[in-house]
Amino acid sequence: MKLHFPTLFQWRQIFKILKKSEKIKLAIFFLLFLFSGIYLSIRFYYTHTQESPSYEGVFKEGVVGQPRFINPIYGETNDIDRSLIELIYSGLMKYDENGLLIPDLIKDYTISEDGKTYTFELKDEIYWHDGAPLTSDDVVFTVKTIQNPEFRSPLRAAWLDVEVQKISDKSFAFLLRTPYSSFLENTTLKILPQHIWKDILPENFSFSIYNLQPIGSGPYMFSSLEQDPTGFIKTITLKVNNRYHNKTPYISILSFSFFKDTLDLIKSACQKKIDGFSLKPMDNQLFTQNCSSAKESFAVYYLSMPRYFAVFFNTHKSKIFSDKNITQALNYGINKDELIKKLNQEAREEKFTVVNSPLLPKYFNFNAGTTFYIFNLEKSKELLEKAGYKEQEDGKRAKQITKKPAFQFKSYLRKGSKGTEVTELQGCLIRLDSAFKEILEKGITGNYDKKTEEAVTLFQKKYLPELKSTGEVGPSTRKKLNELCFSQGPTQSPLRFILTTLDQPHLIKTAEILQQEWEKLGATVEVKVLTLSELKNVIKNRDYDALLYGQMLSTLPDPYPFWHSNQINDPGLNFSLYQNKTVDQLIKEIREQLNEQTRKQKYEKLQEIIIGDAPALFLYNIDYLYWLSKKVKGMSTIKIVDPSKRFSNITNWYIKTHRAWKK
């Protein structure tokens, strides 16, 4: 008998022949079968797929201020410009999320044995945003433009002793006069497109439209710019560069919103109109206090930077600081732990940490050394006493100084003599006694006449009665005149100086604390707070007694700009005007030493000498605090060399996700 599978009509009839209980059982079985199938399908899907970033999404960054030069030649001194340059342009090398140097435009490089020649080879298929190929010509053009004084690039000093040579379209070499162990850091320089800039004259370079509408080779390219009626730039929008030579970013649009002040930015963050922002130290509490609900939408990233803040003692302008006893005393007189505690309490969000060295041994994995200043009030007072600054009745300290008279009589003067000494003689006699003044009725003439002789005779009778009055100025009369006319007794030089700093909350607070602590030692300290533009002029002219300011190092630290005696004048960064021949020699050896271990030993020796000489009071370091919306994933940066490097792994950031089959 042949069996047939039931037809659809027959299946429909089954419900007519089944009992009610059987129908219920069948329905339950069918539903179980259906849900089991759905469950197994979903489980299979989720087991064999994973959540993956999608190539879409819009990210909005908020900053206070305005872009001016989105151009590597000029913009590296401005944080806003530098951030945009970081995204739009590419360098030969770049920094990863750990602050280490890795290749960017290049696929390989070699260093000669003598450390003087660096040869690079570009990656294949690299293009500018407009589609033009990027070649060695662009590298040569960029470096030579910086070296040309007509372009006035602030980067020129770093490239003065470097010759760049094209080898082929993809390879080129840098030739150094002397070995320089930190040179690779120079090659993070972002490259300009020669075909865009080559015909623009030096005098027009800074006015070109490409400074605000740039063409680069980085992960993002310029899309649009929006201004208000006054010309204030409100937004700059970037879009993903699909020709990017490295990993293509997930986020397709980056929008930078520019604000006139911090409060406007915070207001926008409170309204969740921006996804990322950073504030000056001690301004972050304005956000946390006023936007408690919005705060929960942001993650806080503490990014470590190789910088420190210190008080630099101007050893040239202020005679006080030329004495090492004084600068050491001021170091011993500050309780850094207590200072940090107060700053952290005030700031709440920031993390201040003590710094005792200009080379940041913890950041660069050096030994901390043995020379440092532990708070010791008695030691501080002892050093001030040693320097001659004694405590006065009012608690202030001063030093007794006997000044050498500005003028002294040295010649034998008689009737007929003329000149400066006669002029000074007549002036002295007039000041000494009204009787002498009456005789010298003609006043100061500069001629030793009969009246002058009469006045000198009367002077001798009054002040030198034991001697014969001759009316002439001989040795005894000259000695008495010098004593009465120009002799100065001891004068007091107070322990007084001005502490100059920038108008940033944490620096102002620090200056106030230092002022209070140093005044306990008997010093008189005036705090002068300046705007950035004002301070730039003061620093340029080295017109300060003591300067509370920050220094930013690099991943491959080079102490030359900060501590070599050749850098005491602008644009050098030796703010203490510190000079030490041993230090100069050590810095030279560090720059030329390619062996990392040997270089490390020299760094540590250098550190000991500088700290011992106390040209500065090293205070603290602050992490860079960055607020990022929790909807943004993939941020893994830990160390940065400057704020723009918060975008060092921007290609891994993502907002949208999708399920993708596992490989």
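The values are calculated or read from the model by the stated rules, or taken from the named source; none is laboratory data. It should be emphasised that the depicted structure is a prediction, and the values quoted were computed from it without experimental measurement. All Cβ positions, even for glycine, are placed from backbone atoms using ideal geometry, and neighbour counts span all protein chains on display. Ligands, DNA and RNA are stripped out before the accessible areas are found, and what is left, the full protein with its side chains, is counted by its heavy atoms. Shrake-Rupley method; radii C 1.70, N 1.55, O 1.52, S 1.80 Å.
Some observations on this one:
- Cβ-defined net charge surrounding Ala435, 11 Å radius [Lys, Arg +1; Asp, Glu -1]: 0
- With all protein chains modelled, accessible area of His195 [1.4 Å, Å²]: 80
- Expressed as a fraction of 2.2 N^0.38 Å, the C-alpha radius of gyration for region 141-240 is 1.30.
- Three-way shape call for region 191-335 based on the alpha-carbon gyration tensor, with the a/c threshold at 1.5: oblate
- Heavy-atom accessible area with a 1.4 Å probe sorts Thr531, Thr370, largest first, into Thr370, Thr531.
- Sulfur and carbon atoms: percent of accessible area, region 426-465 [1.4 Å]: 50
- Pairs from Lys295/Lys662; Lys509/Lys605; Lys399/Lys528; Lys247/Lys600; Lys260/Lys536; Lys386/Lys536 whose Cα-Cα separation, in the structure shown, is over 26 Å: Lys295/Lys662; Lys509/Lys605; Lys247/Lys600; Lys386/Lys536
- Sequence of Lys479, Lys639 when ordered by accessible area, the most exposed leading, probe 1.4 angstrom: Lys479, Lys639
- For region 137-274, with all protein chains in place and a probe radius of 1.4 Å, 49% of the accessible heavy-atom surface sits on carbon or sulfur.
- Val64 accessible area, 1.4 Å probe, all protein chains in place, Å² to nearest 10: 60
- Neighbourhood net charge (14 Å Cβ-Cβ; Lys/Arg +1, Asp/Glu -1) for Ala132: -3
- Dividing the convex hull volume of the alpha-carbon atoms in region 250-318 by its residue count gives 181 Å³ per residue.
- Percent RCO, i.e. relative contact order, over the chain, from Cα pairs under 8 Å lying at least 6 residues apart: 21
- Per residue, the chain exposes 51 Å² of accessible surface when a 1.4 Å probe is rolled over the protein heavy atoms with every protein chain present.
- Distance from the alpha carbon centroid of region 31-108 to that of region 475-515 works out to 58 angstrom.
- Gyration tensor (alpha-carbon) shape descriptor, region 36-150, a/c threshold 1.5: prolate
- For Lys386, the accessible area of its heavy atoms, probed at 1.4 Å with every protein chain present, is near 150 square angstrom.
- Among beta bridges identified by DSSP and lying wholly in the chain, the antiparallel ones come to about 80 percent.
- The lysine pair count for region 29-149, using Cα distances under 20 Å and pairs eight or more places apart or on different chains, is 4.
- For region 509-601, the share of accessible area belonging to carbon and sulfur comes to 43 percent (1.4 Å probe, ligands and nucleic acids excluded).
- If you wrap the tightest convex hull around every Cα atom of region 351-412 and split its volume per residue, you get 234 Å³.
- Value of Rg to Rh for region 540-625 (Rh from inverse mean 1/r over Cα pairs, i.e. Kirkwood): 0.97
- Applying the Karplus relation 6.51 cos²θ - 1.76 cosθ + 1.60 with θ = phi - 60° to region 105-122 yields 3J(HN,Hα) values of 6, 9, 9, 6, 8, 9, 10, 5, 4, 7, x, 9, 10, 10, 10, 10, 10, 6 Hz, where x marks Gly and Pro.
- Stokes-Einstein D in µm²/s, Kirkwood radius over Cα pairs - region 465-511 at 37 °C with 0.692 mPa s viscosity: 206
- Thr598 sits among other residues whose Cβ lies under 14 Å from its own Cβ, and their net charge, with Lys and Arg +1 and Asp and Glu -1, is +2.
- For the chain, the fraction of C-alpha pairs more than 34 angstrom apart is 61%.
- Within region 29-81, the percentage of alpha carbon pairs spaced more than 17 angstrom apart rounds to 68%.
- For the chain, the longest principal axis of the Cα atoms and the long axis of helix 596-613 meet at an angle of about 40 degrees.
- Cα gyration tensor category, rounded, prolate or oblate, for region 116-198 with a/c compared to 1.5: oblate
- Dividing the helix sum by the residues of the chain, where each DSSP H run of 4 or more adds -39500 (n - 2.57), gives a mean residue ellipticity at 222 nm of -10000 deg cm²/dmol.
- Heavy-atom SASA rank of Arg591, Arg348, Arg414 (probe 1.4 Å, accessible area, largest first): Arg348, Arg414, Arg591
- When you filter the GluC sites (Glu not before Pro) in region 455-495 for DSSP loop state and at most 12 other Cβ atoms inside 10 Å of their Cβ, you are left with Glu466.
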